[in-house]
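**Q** Have a look at the structure that comes next, please.
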Amino acid sequence: MQKVTESNVNRIQVTALGYGPDSLTHLEEHFHRLGLDEALLIHKINLAYAHKCAHCELAFAVLDNAESINKFKHDIAQLKLVKKIPVVVAVANEPLRVVMDDNRLDIAADDFIYLPLNDELFKKAVRTHIVSLKLARQTEKMRTDFNKSPISLGQILVENKLIDALQLKKALDYQKTSGHRLGDTLVELGYIDEDQKLHFLASQLGVPLATPRQYASADLNVVALIPEHIARRHKCIGLERTETELVVAMVDVLDLRLLDSLRDATDLIIRPILGKPDEITTTIERFYHDIASHKDASTLMADLGESIEYLQRQEEEVDLEEMQAAGAELGIIKLVNIILANAVRDKASDIHVEPMEKDLFIRYRIDGDLRKVLSPPKRSHQAILTRIKILSNLDIAERRLPQDGRMCVKVGHREVDIRVSVLPTIFGEKAVLRILDKEAFEKSVTNLGFTSYDEGIFRAQIAKPYGMIIVTGPTGSGKSTTLYSAIQSIKSVTRNIITAEDPVEFHMDGINQVHVNTKIGLTFGSALRTILRQDPDIVLIGEIRDEETADIAIKMALTGHLVFSTLHTNDAASSIARFVDIGIPPLLLASSLNLIVAQRLVRRICTKCRTEFTPDPELLGQLSESLPPTTKLFKGEGCVTCNGTGFYGRTGIFELLEISKEIRKMILKNASTIELQEQAEREGMKTLRQAGIEMALRGDTTIEQVIAVTTEV
């Protein structure tokens, strides 16, 4: 970076900081290639001497070594909070992205950039900061010099090459008819985006812009300072608080009436910051539901007596009347209702009620990850467990043995089935409630995550009149969803469809569903023998666990029935060896199988904060030799919608093994799993790893998610 000696009155003072002489190489290349010197006066300084950085408006601090992360956090804080540099950008090469993301909440930077970055994206990021700083300069000058005439936003954007003169003319012409502000007009015409507009507006008004980190780290007690009806009506939310001040994100920071109302309601000085309307609305929805739940929980638990406290030495002394009374107490009933209703609202798949030595934790599993949501008093543990046992028809007196049950509850207008598992631990009974939301379940093959090619294969196979289709994968990989989607797709009034399940997870109209109950002798085998006498066309078997079930399923497939079932194996080809292992002759297996589907669930990248990056070449080499070094992948930066995680929802990756004539011959010859796998790949089958890589290249998930759920031999 070459220091320019000409007048720097209108140029932004930029400092590039790094720990070593080579750490700024990539950053220098970007600046030189994009020709940004005409707007900037650039200096270089060692990041270790950040405290000496002076007269800087825009700082780029480069992390070049994972071991320096703690020092990096300290030095960034020095730049932003001590030296008061207006804009600090944290920069790292792509291999250090994970380290930076893991420490993101502790890094006091205004923006994050990962190199190498697409030139256009780099130019957009830097020029946005330049324009924002120039607008802030202008605002400051006008405060001290009332005779100073402001430079228009359009003029500044043209001077800094974010738009050209012709685009400005079109925007001004359009503005005359629409009556909108220039910033809104530029967004409507697609010349700048919403983020840039907010940056510029914040600079003109001289207020900070709310960051995703502030939304994600907001405290319930701080948010609760503003009454919910005010927050919703005026689109504002409290984010941070000191002894005398409350930082409030709002869409209109010039609304003096609102500022006065908030000051009166909170008895604090209000420091407004600018926020996006959709981000504020999303945060309001997330926090105020939880605030209501916590208030209800606190109120309900306040009057609980100490007599229910769990005492390990007295666990054999069970007072059934006392336990029933505790489980039927109005406060406990409402608390359990809150736990269930919030879990359904947040689309949780499981609820964990976990007793520790001195605490009680309530956690939800959402999109595959556990999240702590509530911590009632430990003394309420036994009462909560008793209530859950009463609802699921379990023995409330039994606290030494595991128990399984189920309940059906109505949340609003939705019926939700819940499977309950109770397990004794050293600090009391732990309960896990699996939520089976009938309405949230999407019974559509299109929504599963198939590529168009794989969806064509799957639809062709499930349309066949007979044979067997097996879906395989570990627990929680979405096998039941795939099977139900297939049944939903092919059901009709002309077909008799019967299922045998343990348990029936989702109720479907037009389908005869049988709940297997081994306690009373209704096993898969006995149910299937009876189903054969019910004139079925299509049979769904919840799981093939033993030789008896497998034998009946095979014979059904050979006698003109279409059979769906699941199996627990790591991949599609291993399913054949598993069938042989439990006693199915290869001759019957080769004649009955139509399709084997192996699947896994991966987290889907949040579309609101998805960004493109160039991964480490070594990582690409490990994944596939055919991927060029310039391959682009995607990652979620973290935003309000995804609560800073970078992920929103889950999707499936699939491996489809069609049973061709050649593979049937190989099954008859007892071919090994590896030989079957190689033949299937020659015929066009994509492995789970290959399917996952394709999904990562499309931007649906991250490569780390793919590696975590797939293995490559």
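The values are calculated or read from the model by the stated rules, or taken from the named source; none is laboratory data. This structure is a prediction, so every number in the text was calculated from the model and none was measured. Because the Cβ atoms are built from the backbone with ideal geometry, glycine has one as well, and the counts that use them run over all protein chains shown. Side chains are part of the model used for accessible areas, which takes the heavy atoms of the whole protein and leaves out ligands, DNA and RNA. Shrake-Rupley method; radii C 1.70, N 1.55, O 1.52, S 1.80 Å.
A quick yes/no check of all residues on (1) closer than 29 Å to D219 by Cα; (2) aromatic (F, W, Y); (3) out of contact with any Leu (no Cβ under 8 Å at 6 or more places or on another chain):
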| site | (1), (2), (3) |
| --- | --- |
| A348 | yes, no, yes |
| E354 | yes, no, no |
| E357 | yes, no, yes |
| D369 | yes, no, yes |
| V373 | yes, no, yes |
| D417 | no, no, no |
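Let's see how each residue does on (1) farther than 30 Å from M468 by Cβ; (2) modelled with pLDDT of 90 or more; (3) under 19 Å from the mean Cα position of the chain (by Cα):
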| position | (1), (2), (3) |
| --- | --- |
| L619 | yes, no, no |
| V640 | yes, no, yes |
| L656 | no, yes, no |
| I667 | no, yes, no |
| A671 | no, yes, no |
| R698 | yes, no, yes |
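**Q** Please state which one of K123, K80 is farther than 23 Å from E29 by Cβ and either of a type in the set (D, E, K, R) or out of contact with any helix residue (DSSP H, G or I) (no Cβ under 8 Å at 6 or more places or on another chain) (or both).
**A** Testing whether each residue is farther than 23 Å from E29 by Cβ and either of a type in the set (D, E, K, R) or out of contact with any helix residue (DSSP H, G or I) (no Cβ under 8 Å at 6 or more places or on another chain) (or both) leaves just K80.
**Q** Just checking, how many residues over the range 516-557 are in a helix (DSSP H, G or I) and either touching a strand residue (DSSP E or B) at 6+ places or on another chain (Cβ under 9 Å) or acidic (D, E) (or both)?
**A** Looking only at that region, the number is 16.
**Q** Could you check how many residues of the range 246-277 are outside any helix (DSSP H, G or I), of a type outside the set (V, I, T) and more than 33 Å from the chain's Cα centre (by Cα)?
**A** Of the residues in that region, 4 qualify.
**Q** Mind checking which pairs have a first residue in the range 590-608 that is within 20 Å of E455 (Cα to Cα) and open to solvent by less than 10 Å² (accessible area, probe 1.4 Å) and a second that is among the basic types (K, R) and assigned to a strand (DSSP E or B), Cβ under 9 Å, 6 or more apart or different chains?
**A** Short answer, once both residue conditions are applied: V602/R650.
**Q** For K197, which of the numbered conditions (1) within 22 Å of I237 (Cβ to Cβ); (2) charged (D, E, K, R); (3) open to solvent by 40 Å² or more (accessible area, probe 1.4 Å) fails to hold?
**A** Among (1) within 22 Å of I237 (Cβ to Cβ); (2) charged (D, E, K, R); (3) open to solvent by 40 Å² or more (accessible area, probe 1.4 Å), K197 violates only (3).
**Q** Pairs please, first residue from the range 245-257 and in contact (Cβ under 8 Å) with a residue 12 or more places away in the chain, second anywhere and assigned to a loop (DSSP other than H, G, I, E, B) and open to solvent by 50 Å² or more (accessible area, probe 1.4 Å), Cβ atoms under 6 Å, 6+ apart in sequence or on different chains.
**A** Final answer for the pair search is V251/K235.
**Q** Need at least 2 residues that are at pLDDT 80 or above, open to solvent by less than 50 Å² (accessible area, probe 1.4 Å) and in contact with a strand residue (DSSP E or B) (Cβ under 9 Å, 6 or more places away or on another chain) per element, so show me which helices (runs of 4 or more DSSP H) inside the range 1-110 make the cut, counting only ones lying wholly within it.
**A** Working: elements: 25-34, 69-77, 97-102.
Those helices (runs of 4 or more DSSP H) span 69-77, 97-102.
**Q** Still on this structure, please answer the following. Residues that are touching a Ser or Thr at 6+ places or on another chain (Cβ under 7 Å) and open to solvent by less than 70 Å² (accessible area, probe 1.4 Å): find the helices (runs of 4 or more DSSP H) completely inside the range 611-706 holding 2 or more of those. Quick ask: steps written out before the conclusion?
**A** Values: elements: 617-623, 661-668, 673-682, 688-698.
Filter on the range 611-706 gives 688-698.
**Q** Of all residues in the range 409-434, count the ones that are among the charged types (D, E, K, R), open to solvent by less than 50 Å² (accessible area, probe 1.4 Å) and modelled with pLDDT under 85.
**A** Result for the range 409-434: 1.
**Q** Another question, if that's okay. Suppose the filter is modelled with pLDDT of 90 or more, surrounded by 15 or more Cβ atoms within 10 Å (Cβ to Cβ) and within 28 Å of E683 (Cα to Cα); does G467 pass it?
**A** yes
**Q** I'm told P376 meets every condition in (1) assigned to a loop (DSSP other than H, G, I, E, B); (2) open to solvent by less than 70 Å² (accessible area, probe 1.4 Å); (3) at pLDDT 85 or above except one. Can you identify the failing condition by its number?
**A** Status for P376: all satisfied but (3).
**Q** Out of the range 514-551, which residues are modelled with pLDDT of 85 or more, open to solvent by 50 Å² or more (accessible area, probe 1.4 Å) and of a type in the set (S, T, N, Q)?
**A** Residues satisfying the conditions are T530, Q534.
**Q** Would you please list the contacts, defined by Cβ atoms under 9 Å and residues six or more apart or on different chains, that run from a residue in the range 328-352 that is among the aromatic types (F, W, Y) to a residue that is at pLDDT below 80 and open to solvent by less than 20 Å² (accessible area, probe 1.4 Å)?
**A** Hits for this filter: zero, empty list.
**Q** Let me ask another. Among the residues that make up the range 392-408, is at least one of them crowded, with 17+ Cβ neighbours inside 10 Å, touching a helix residue (DSSP H, G or I) at 6+ places or on another chain (Cβ under 6 Å) and either aromatic (F, W, Y) or assigned to a strand (DSSP E or B) (or both)?
**A** Yes, that holds for at least one residue.
**Q** Could you tell me which numbered condition A341 fails, if it satisfies all but one of (1) outside any helix (DSSP H, G or I); (2) surrounded by fewer than 21 Cβ atoms within 10 Å (Cβ to Cβ)?
**A** Just one mismatch for A341, condition (1).
**Q** Let me ask another. Filter the range 236-246 for residues that are open to solvent by 10 Å² or more (accessible area, probe 1.4 Å) and under 26 Å from F200 (Cα atoms) and give the result.
**A** E240, R241, E245
**Q** I would also like to ask the following. List pairs: first residue in the range 453-471 and in a loop (DSSP other than H, G, I, E, B), second residue of a type in the set (A, V, I, L, M, F, W, C) anywhere in the structure, Cβ distance under 6 angstrom, at least six positions apart or on different chains.
**A** From the range 453-471, the pairs are Y466/L562.
**Q** Which number in (1) open to solvent by less than 50 Å² (accessible area, probe 1.4 Å); (2) touching a strand residue (DSSP E or B) at 6+ places or on another chain (Cβ under 8 Å) marks the one condition that G456 misses?
**A** Every condition holds for G456 apart from (2).
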